[in-house]
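Inspection log for the structure reproduced underneath, given as structure tokens.
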Amino acid sequence: MGDETIRPTLVGRSRAIREVLRDISRFAPLPYPVVIAGETGVGKELAARELHVQSGRAGPFVPVNCACLPDSLIESELFGHARGAFTGADRERPGLFEAAHGGTLLLDEAETLSLPAQERLLRAIETGESRRVGETRPRAFNVRIVAATNVDPAELVAEHGFRADLYFRLAVLMLRIPPLRERLEDIAPLAEHLLNKFSVETGRPAPLLVPAALHILENLPWPGNVRELENMLRRAAVAAGPAEPLKPCHLAELIASPPPPPGSDRRARSIAQLRECGLPLNAIARRLGVTRKTLWAWRKRWPTPSSPRLAPAAPLS
């Protein structure tokens, strides 16, 4: 199988993802904070890791999901605490700023930080020093801060109560990663990359994604973005079996009522591909997110490729 590791990185050939990768290369050598904005599952942590790798910083990459930290402990987690600083603090503990010294600290879901934590974070950025809870002595740090958010940055301050002064300190540089539905041309290279990753994880040959299955993937809305695509491909690869082609029938049971794909020919081909899986019309209607009556209307207006009224479609596999 060749290399036994697949380096986590952003994959795609769309203009949008090429621009993101270009900006990462431009921003990486700079010491300034970066805000990465994008929906859940688009790859914000991958972008942050790529920034760190290309930066050449000697210290570690330290990610922290701010949403998972309770308000009562977040300052201790970020800045550390002295022994006896609060009930249960039976030993001193360095914080994540100290752990990331010389490297990169990713604050994922930064919009969930409490106001007191935001105030402490702002002061740390301004002074280049952090202070453990329960201590008076500040400690200097050298950390590149990356903040990731799934909220539109324009709404962070206005609607989510994020401190404006902290936002402008963090948003020196900005990366926006578009959702997968806006860059469907990335589905094919992503699928190849993710299936190869599945092969490395399991020690099984990567299944071949046939064109008909790829066509279905390219017509789904992907609310969970790349994370959803990866999970669907893992389940489909298990269903297909080792070294077997991954066909539409391996995807059919995994599709939960997507909206109808745009365009008459695309609708017709999607219906035909699901029919190839042996699904009854009721099941096809559910997977396309329409009623049986609407499905019949579509078939009447846009016959499937098997109908003599429609010109031959491209091969489905």
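Does A252 meet the test of being small (G, A, S), farther than 27 Å from P178 by Cα and in contact (Cβ under 8 Å) with a residue 24 or more places away in the chain?
Considered against the rule, which asks whether it is small (G, A, S), farther than 27 Å from P178 by Cα and in contact (Cβ under 8 Å) with a residue 24 or more places away in the chain, A252 comes out as no.
Output the residue which, of all residues in the stretch 198-225 that are hydrophobic (A, V, I, L, M, F, W, C) and in contact with a Leu (Cβ under 6 Å, 6 or more places away or on another chain), is surrounded by the most Cβ atoms within 10 Å (Cβ to Cβ).
Here the residue is A213.
Within the stretch 161-182, does at least one residue satisfy the condition of being over 30 Å from R234 (Cβ atoms) and hydroxyl-bearing (S, T, Y)? Full working, then the answer.
Step one: of the stretch 161-182, the residues over 30 Å from R234 (Cβ atoms) are 161-174.
Going one step further and asking which of them are hydroxyl-bearing (S, T, Y), we end up with 167.
Within the stretch 161-182, one or more residues are over 30 Å from R234 (Cβ atoms) and hydroxyl-bearing (S, T, Y).
Could you identify the single residue in A164, A148, A243, A213 that is assigned by TED's automatic domain parsing to the domain that holds T127, touching a Lys or Arg at 6+ places or on another chain (Cβ under 9 Å) and among the small types (G, A, S)? Walk me through how you get there before you give the answer.
On the way: A164 fails: touching a Lys or Arg at 6+ places or on another chain (Cβ under 9 Å); A243 fails: assigned by TED's automatic domain parsing to the domain that holds T127; A213 fails: assigned by TED's automatic domain parsing to the domain that holds T127.
Only one candidate qualifies: A148.
Inside the stretch 17-131, counting only strands (runs of 3 or more DSSP E) that do not spill past its ends, which hold 3 or more residues that are crowded, with 20+ Cβ neighbours inside 10 Å and assigned by TED's automatic domain parsing to the domain that holds L156?
On the way: elements: 34-37, 61-65, 104-108.
Because the criterion is at least 3 residues that are crowded, with 20+ Cβ neighbours inside 10 Å and assigned by TED's automatic domain parsing to the domain that holds L156, the strands (runs of 3 or more DSSP E) in the stretch 17-131 that meet it are 34-37, 104-108.
Restricting to the stretch 161-175, give me the number of residues that are surrounded by 15 or more Cβ atoms within 10 Å (Cβ to Cβ) and modelled with pLDDT of 95 or more. Can you show your working first?
Let us first name the residues in the stretch 161-175 that are surrounded by 15 or more Cβ atoms within 10 Å (Cβ to Cβ), namely 162-163, 166-167, 169-171, 173, 175.
Cutting the leftovers down to modelled with pLDDT of 95 or more gives us 173, 175.
Here the count works out to 2.
The values are calculated or read from the model by the stated rules, or taken from the named source; none is laboratory data. Here the structure is a predicted model, which means the values were calculated and not measured. Glycine also receives a Cβ, built like all others from the backbone with ideal geometry; neighbour counts cover every protein chain displayed.
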